[in-house]
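Here the structure comes first, spelled out in structure tokens, and everything after it is commentary.
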Amino acid sequence: MKNVLITGSSGFIGYHLSLLYLRKGFRVFGIDNHSDGYDVKLKQWRSLELKKNKCFIFHKVDISSEKRLITYFDKFVKKNKLDTIINLAAGTGVRKSTQYPNSYYESNLLGALNLIKLSRKFAVKSFVQASTSSVYGDSKEKSFKINSETSKPDSIYAASKKASEVLLHAYHALYGQNISILRFFTVYGPCGRPDMAPFIFTDAAINNRSINVFGTGKQKRDFTYVDDIVDGIYKSSKLKGLNYLNLGNNKPVSINNLIKIISKFSNKKIKRFDKPSTPEDVFYTSADISKTKRIMNWEPKTDLMQGMLNTYNWHISNNKWLKKIKVS
């Protein structure tokens, strides 16, 4: 049986990726520190769901602590040869990074350094790093290409992710490790993050709550369904060399249209309050995925209407306990 280590396994993408690897017959070693970036109860629920499968082995570990990470590797990884490490553990969210810059540095940069060092020490075949479309900043390009400008981040979050990319580039140059750096574009889907618009708006529609919309709502995001994202992560783990890849839908949709879609499912008009945009917010994101298609034959399969319907139906089915989740 092949083994994979997924950091941030109790997170939104980590949960769905763990499910994918379990379906494919892998033994999944999941680690997460259950940080309070958003309501921990949701992370605990995901972790408990995954533990129902005996091939999922979870430990609570903070990747920013080199000492604890080394102890974990010596105890569990040494006797279970890893094929791949997928680093999804990170401080997330543009606005919060301004409030907690040290925390983002520790998790996003120091954590990546600790993992890539151990990846080399334990001769792990491939290393996959989650990055973000935020590294492109407020680009004016119609679609963000992999070689587009990324040297001038406009948020602490983007800066921390770009720094981790540069670090991993150096490790590949020095040691020839197989590394895939994936820039995600606004991931959404069932059991998503309660600090992101798809979850917040869906919850508001179902439970008759109001929403805050920052800016005019005309800003566009390249919403990408989580099943498509985890499929891309899985395929990228098989690549050789150093690869930078966009994982996005290439079909940006405005926040106003997202609200209309959710209102259609609920047959309710969502009450909204418009708030001023923040300096960290960008107006537009759109992924150029031509390189991703060419290198690993990947493209998204789920359009926003179907993806949000899946998301809405999951929320309805789980609404009783989701009411206890703090939405922010």
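Just checking, how many residues over the range 226-236 are crowded, with 24+ Cβ neighbours inside 10 Å and in contact with a Ser or Thr (Cβ under 6 Å, 6 or more places away or on another chain)?
The qualifying residues number 1.
How many residues are under 26 Å from PHE283 (Cα atoms), modelled with pLDDT of 95 or more and either of a type in the set (Ser, Thr, Tyr) or touching a Cys at 6+ places or on another chain (Cβ under 7 Å) (or both) when one looks only at the range 152-194?
Number of matching residues: 5.
Answer yes or no as to whether ILE229 is assigned to a strand (DSSP E or B) and within 19 Å of the chain's Cα centre (by Cα). Explain how you work it out, then say what you get.
Numbers: assigned to a strand (DSSP E or B): no; within 19 Å of the chain's Cα centre (by Cα): yes.
Criteria not met by ILE229.
Okay, residues lined up against (1) in contact (Cβ under 8 Å) with a residue 40 or more places away in the chain; (2) of a type outside the set (Lys, Arg); (3) touching a helix residue (DSSP H, G or I) at 6+ places or on another chain (Cβ under 8 Å):
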{"residue": "VAL135", "(1), (2), (3)": "yes, yes, yes"}
{"residue": "LYS161", "(1), (2), (3)": "yes, no, yes"}
{"residue": "GLU165", "(1), (2), (3)": "yes, yes, yes"}
{"residue": "TYR175", "(1), (2), (3)": "yes, yes, yes"}
{"residue": "GLY189", "(1), (2), (3)": "yes, yes, yes"}
{"residue": "ASN212", "(1), (2), (3)": "yes, yes, no"}
{"residue": "GLY217", "(1), (2), (3)": "yes, yes, yes"}
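Which numbered condition trips up SER180, out of (1) within 22 Å of TYR136 (Cα to Cα); (2) over 18 Å from the mean Cα position of the chain (by Cα)?
The failed condition is (2).
Tell me yes or no: at least one residue of the range 213-221 is over 16 Å from THR292 (Cβ atoms), assigned to a helix (DSSP H, G or I) and modelled with pLDDT of 95 or more.
Going through the range 213-221, the residues over 16 Å from THR292 (Cβ atoms) turn out to be 213-221.
Now narrow it down to the ones that are assigned to a helix (DSSP H, G or I): none.
For the range 213-221, residues over 16 Å from THR292 (Cβ atoms), assigned to a helix (DSSP H, G or I) and modelled with pLDDT of 95 or more: absent.
Taking the options ASN246, ASN297, ASN319, name whichever one is at pLDDT 95 or above, closer than 30 Å to SER126 by Cα and either of a type in the set (Gly, Ala, Ser) or out of contact with any strand residue (DSSP E or B) (no Cβ under 9 Å at 6 or more places or on another chain) (or both). Let's see the steps before the verdict.
On the way: ASN246 fails: either of a type in the set (Gly, Ala, Ser) or out of contact with any strand residue (DSSP E or B) (no Cβ under 9 Å at 6 or more places or on another chain) (or both); ASN319 fails: closer than 30 Å to SER126 by Cα.
Criteria check complete, one pass: ASN297.
Checking the conditions here, which among ASP154, ASP195 is among the acidic types (Asp, Glu), under 22 Å from ASP39 (Cβ atoms), touching a residue at least 12 places away in the same chain (Cβ under 8 Å) and surrounded by fewer than 23 Cβ atoms within 10 Å (Cβ to Cβ)?
On the way: ASP154 fails: under 22 Å from ASP39 (Cβ atoms).
ASP195 is the lone residue from the list that is among the acidic types (Asp, Glu), under 22 Å from ASP39 (Cβ atoms), touching a residue at least 12 places away in the same chain (Cβ under 8 Å) and surrounded by fewer than 23 Cβ atoms within 10 Å (Cβ to Cβ).
I'd like to verify a number: residues in the range 290-305 that are part of a helix (DSSP H, G or I), in contact (Cβ under 8 Å) with a residue 24 or more places away in the chain and either touching a helix residue (DSSP H, G or I) at 6+ places or on another chain (Cβ under 6 Å) or exposed (fewer than 13 other Cβ atoms within 10 Å of the Cβ) (or both), how many?
2
Just to be sure before I move on: is ASN319 under 20 Å from the mean Cα position of the chain (by Cα) and in contact (Cβ under 8 Å) with a residue 12 or more places away in the chain in the structure I sent? Even if it seems obvious, please write down each step before you answer.
Numbers: under 20 Å from the mean Cα position of the chain (by Cα): no; in contact (Cβ under 8 Å) with a residue 12 or more places away in the chain: yes.
No.
Could you list all residues from the range 70-99 that are within 25 Å of the chain's Cα centre (by Cα), surrounded by fewer than 17 Cβ atoms within 10 Å (Cβ to Cβ) and of a type in the set (D, E, K, R)?
ASP83, ARG95
Inside the range 213-243, can you point out the residues that are farther than 30 Å from LYS125 by Cα, in contact with a Phe, Trp or Tyr (Cβ under 9 Å, 6 or more places away or on another chain) and of a type in the set (A, V, I, L, M, F, W, C)? Write out each step before concluding.
To start, the set of residues in the range 213-243 that are farther than 30 Å from LYS125 by Cα comprises 213-223.
Within this subset, residues satisfying the condition of being in contact with a Phe, Trp or Tyr (Cβ under 9 Å, 6 or more places away or on another chain) are 213, 215, 218-223.
Those that are farther than 30 Å from LYS125 by Cα, in contact with a Phe, Trp or Tyr (Cβ under 9 Å, 6 or more places away or on another chain) and of a type in the set (A, V, I, L, M, F, W, C): VAL213, PHE223.
Can you name every residue in the range 151-209 that is aliphatic (A, V, I, L, M) and part of a loop (DSSP other than H, G, I, E, B)?
Taking the range 151-209 first, the residues aliphatic (A, V, I, L, M) are 156, 158-159, 163, 166-168, 170, 173-174, 179, 181-182, 187, 196-197, 200, 204-206.
Scanning the range 151-209 gives a single hit, MET196.
Taking the range 157-168 as the search range and keeping residues that are closer than 11 Å to SER134 by Cα and not aromatic (Phe, Trp, Tyr), which one is surrounded by the most Cβ atoms within 10 Å (Cβ to Cβ)? Write out each step before concluding.
Looking only at the range 157-168, we keep the residues that are closer than 11 Å to SER134 by Cα, and these are 157-162.
With the extra rule that they be not aromatic (Phe, Trp, Tyr), the set shrinks to 158-162.
Working: ALA158: 24, ALA159: 20, SER160: 27, LYS161: 30, LYS162: 22.
By that ranking, first place goes to LYS161.
The values are calculated or read from the model by the stated rules, or taken from the named source; none is laboratory data. All values reported here derive from a predicted model rather than from experimental measurement. Neighbour counts run over all protein chains shown; Cβ positions are idealised from the backbone, glycine included.
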